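Here is the structure we will look at, set down as structure tokens.
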Amino acid sequence: MKRFFRYFPVIPLYLLTTFSLSAQNKEMVWEKKAVFTGGKIKGEVAFAVGNRGYVFVETDCWQYDPKTDNWKKIADFPGTTRKSATSFTIGDKAYVATGLVGEGDAQKGSTELWEYSSGTGKWEKKADLPDGIRYGAIGFSIDGKGYVGLGTTPGNSTAYNDLWEYDPQADSWTKRADFPEKGRIGASVFVINGLAYVLFGELPMEVAATKKSVYVYNPKKNVWAKDVDFPGQSRVGAAVFSLNNKGYVYSGYNGVSIRYRDFWEFDPNSKAWKQNADTLPDARSDAFSFVIDSMAFMGAGKLKNTFLGVGAGANDLWCVSLKKNVDYHAKLIYQDNNQKLPLGQQGVSLISEKKVIQTTTTDNTGAFAFKKINADQPYQVVLDKNSKLPANAVVAIAKPNGKIVQNLQRNNSGQFAYELSNIDTLDEEDTYFNLQYFIKSSDTATTITTHINYPPASWDLNEEAQNVLYQVVAALDKYPNLIVRISSHTDATGDEDDNMKLSEQRAKTAVDFIVANGIDAKRVTGKGYGDTKLLNKCKKGVKCSDEENKVNRRTEFKFVKLR
């Protein structure tokens with residue numbers, strides 16, 4: 001999809017830079033991060049909440065800050081020492097459930113649930129799982145509810161195949177549909193678009209891993225369905241996560257002596273698995289993983305191929321992210337006295353972190369291009385000095401039709417330059433969430449209108465809607481002095497009371513999504529207005545086309561600066 005920059009006024013005598021961005025394949029990029037300072041570990045509970053990562057080692061708790069790439073020890077877990085627990089997160093709260101407690105022959109499973117608040121840094125005991133002390137369970141969350149299931153307890157020749165739903169508002173559990181096969185120990189799970197994908201695991205007394213089947217749980221329908229089998233080696237102890245609406249599987253071992261370092265990607269739309277290039281230097285199992293924003297973090301685990309999985313722990317940490325590579329196409333046009341002329345044979349450089357990444361020269365039409373640049377990375381585009389340009393010339397960015405985008409300024413060397421950054425690049429049809437000019441202005445508030453295409457009579461967030469809301473999250477994360485007020489509106493078709501309820505639920509869903517992605521709830525409010533604030537003639541009883549009604553089906557985001 002083409003991507004363009006925001007419009008910005010310019011004075012009459014100028015150079016126009018016309019451009020487009022054409023999307024290329026996203027590439028996985030791995031980076032080594034700060035080692036885990038809590039020692040070499042394996043099979044620990046990890047989760048992310050409030051833009052921080054957490055690793056739970058028996059009763060020790062460690063927090064990772066991706067912005068500073070630092071670990072720090074925080075308040076100890078107040079419950080009994082445990083291993084092989086599971087976790088899930090809801091909003092700014094994380095939950096640690098079940099686990100193996102005790103030592104030696106006294107070891108047993110647990111039904112306990114503990115809540116951690118990233119806001120207060122405190123733990124609180126919550127309602128126990130109603131049935132089945134266990135360890136090796138799965139945990140996940142969808143739409144404000146937590147889920148725990150499967151697992152076993154020491155000495156048990158069978159594993160659980162149950163699933164329980166936790167409501168944090170009521171602090172209560174509800175039994176849900178059982179897993180379709182026999183119970184499993186140490187299964188893996190990732191969530192994409194409100195569906196949970198459960199795979200791997202093993203049966204009690206089973207030595208070699210055998211499970212390749214994948215089952216999908218739909219909490220709205222409370223049903224399980226079989227999906228495409230995993231095509232790689234059966235395994236346990238894999239690190240799994242979801243990122244950008246795809247599922248990923250890394251590492252694990254065969255239950256006997258072989259560990260893996262392969263890396264797999266699952267696309268739920270095409271229902272297809274593909275193997276990416278092997279990445280980290282060491283095969284491992286039982287690594288921890290968590291996701292913060294658009295980055296997944298994995299680390300530690302057991303290394304080396306040793307019999308029955310007995311292996312040394314590790315303390316390394318790695319970050320993997322999807323880099324969106326794009327081709328950047330532009331044209332320099334010189335305008336004088338309302339006459340547009342191409343600026344041919346003009347040298348242009350692409351610079352990142354004071355290093356020249358690429359250089360090129362415009363052709364006789366003024367066109368140039370930079371190939372495969374990272375759309376999420378900030379760059380500076382600098383024009384070589386050109387004595388042919390008038391001293392009072394101004395450079396501007398514009399679309400090919402001459403629509404002005406942004407004034408360009410001379411840098412300290414007297415060269416025309418402009419910034420390319422993630423906040424600037426928007427989809428061609430988008431005209432919102434480029435807030436840098438609002439931030440620099442004296443305005444105290446700005447309202448941006450979007451048309452989120454909800455399914456009829458529904459407040460479910462599809463991928464398009466989530467992409468819009470992710471932009472809100474990114475804007476609030478980038479500008480901590482902003483709050484947002486969300487207004488949801490419907491058209492006048494349908495019952496007025498139903499429209500009001502529908503808009504209120506849609507506003508609430510948008511707020512919940514933004515808060516669930518790490519924004520403080522105090523910075524986000526939402527209100528539904530039904531069909532009470534129509535923008536055109538299409539009130540009740542007036543015949544209008546769908547396009548006319550669509551104008552009224554909108555979500556407004558009012559960004560307000562805090563003093």
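The values are calculated or read from the model by the stated rules, or taken from the named source; none is laboratory data. The structure presented is a predicted model; accordingly, all values stated were derived computationally and were not measured. All Cβ positions, even for glycine, are placed from backbone atoms using ideal geometry, and neighbour counts span all protein chains on display.
For the stretch 106-135, enumerate the residues that are under 26 Å from the mean Cα position of the chain (by Cα) and in a loop (DSSP other than H, G, I, E, B).
SER118, GLY119, THR120, GLY121, LYS122
Being assigned to a loop (DSSP other than H, G, I, E, B), touching a helix residue (DSSP H, G or I) at 6+ places or on another chain (Cβ under 6 Å) and on the phi > 0 side of the Ramachandran plot narrows it down to one of GLY541, GLY530, so name that one.
After applying the criteria, what remains is GLY530.
Among the residues of the stretch 435-470, write down those that are in a helix (DSSP H, G or I), touching a residue at least 12 places away in the same chain (Cβ under 8 Å) and within 17 Å of LYS561 (Cα to Cα).
Scanning the stretch 435-470 gives GLN436, TYR437, PHE438, ILE439.
Among the residues of the stretch 356-401, how many are in a strand (DSSP E or B) and either loosely packed, with under 13 Cβ neighbours inside 10 Å or at pLDDT 70 or above (or both)?
Counting residues in the stretch 356-401 that are in a strand (DSSP E or B) and either loosely packed, with under 13 Cβ neighbours inside 10 Å or at pLDDT 70 or above (or both) gives 19.
Got at least one residue in the stretch 70-92 being basic (Lys, Arg), surrounded by fewer than 13 Cβ atoms within 10 Å (Cβ to Cβ) and touching a residue at least 40 places away in the same chain (Cβ under 8 Å)?
Looking for residues that are basic (Lys, Arg), surrounded by fewer than 13 Cβ atoms within 10 Å (Cβ to Cβ) and touching a residue at least 40 places away in the same chain (Cβ under 8 Å), one finds none in the stretch 70-92, hence no.
Restricting attention to the stretch 209-226, which residues are under 25 Å from the mean Cα position of the chain (by Cα) and closer than 21 Å to SER251 by Cβ?
The one that is under 25 Å from the mean Cα position of the chain (by Cα) and closer than 21 Å to SER251 by Cβ: VAL214.
Can you find even one residue in the stretch 130-137 that is surrounded by fewer than 24 Cβ atoms within 10 Å (Cβ to Cβ), under 21 Å from CYS61 (Cα atoms) and either in the same structural domain as SER242 (by TED's automatic domain parsing) or of a type in the set (D, E, K, R) (or both)?
yes
For the stretch 486-519, which residues satisfy the criterion of being under 24 Å from GLY194 (Cβ atoms) and either among the charged types (D, E, K, R) or touching a Cys at 6+ places or on another chain (Cβ under 8 Å) (or both)?
Once the filter is applied, which keeps residues that are under 24 Å from GLY194 (Cβ atoms) and either among the charged types (D, E, K, R) or touching a Cys at 6+ places or on another chain (Cβ under 8 Å) (or both), the stretch 486-519 yields ASP498, LYS501, GLU504, ARG506, LYS508, ASP512.
When you scan the stretch 259-275, how many residues do you find that are crowded, with 17+ Cβ neighbours inside 10 Å and assigned to a loop (DSSP other than H, G, I, E, B)?
Residues flagged as crowded, with 17+ Cβ neighbours inside 10 Å and assigned to a loop (DSSP other than H, G, I, E, B) within the stretch 259-275 amount to 2.
For residues in the stretch 445-475 being at negative phi and touching a Gly at 6+ places or on another chain (Cβ under 9 Å), which is surrounded by the most Cβ atoms within 10 Å (Cβ to Cβ)?
LEU461
If you check every pair at least six apart or on different chains, which have Cβ atoms under 6 Å apart with a residue in the stretch 43-63 that is in a strand (DSSP E or B) first and a residue that is at pLDDT 90 or above and basic (Lys, Arg) second?
TRP62/LYS73; GLN63/ARG52; GLN63/LYS72
When THR174 is evaluated against the numbered criteria (1) touching a residue at least 12 places away in the same chain (Cβ under 8 Å); (2) in contact with a Phe, Trp or Tyr (Cβ under 8 Å, 6 or more places away or on another chain); (3) at negative phi, which criterion, by number, is the only one it fails?
Of everything listed in (1) touching a residue at least 12 places away in the same chain (Cβ under 8 Å); (2) in contact with a Phe, Trp or Tyr (Cβ under 8 Å, 6 or more places away or on another chain); (3) at negative phi, THR174 misses just condition (1).
Tell me which residues, restricted to the stretch 544-563, are crowded, with 16+ Cβ neighbours inside 10 Å and not in a strand (DSSP E or B).
Listed by number, the residues that qualify are CYS544, ASN549, VAL551, ASN552, ARG553.
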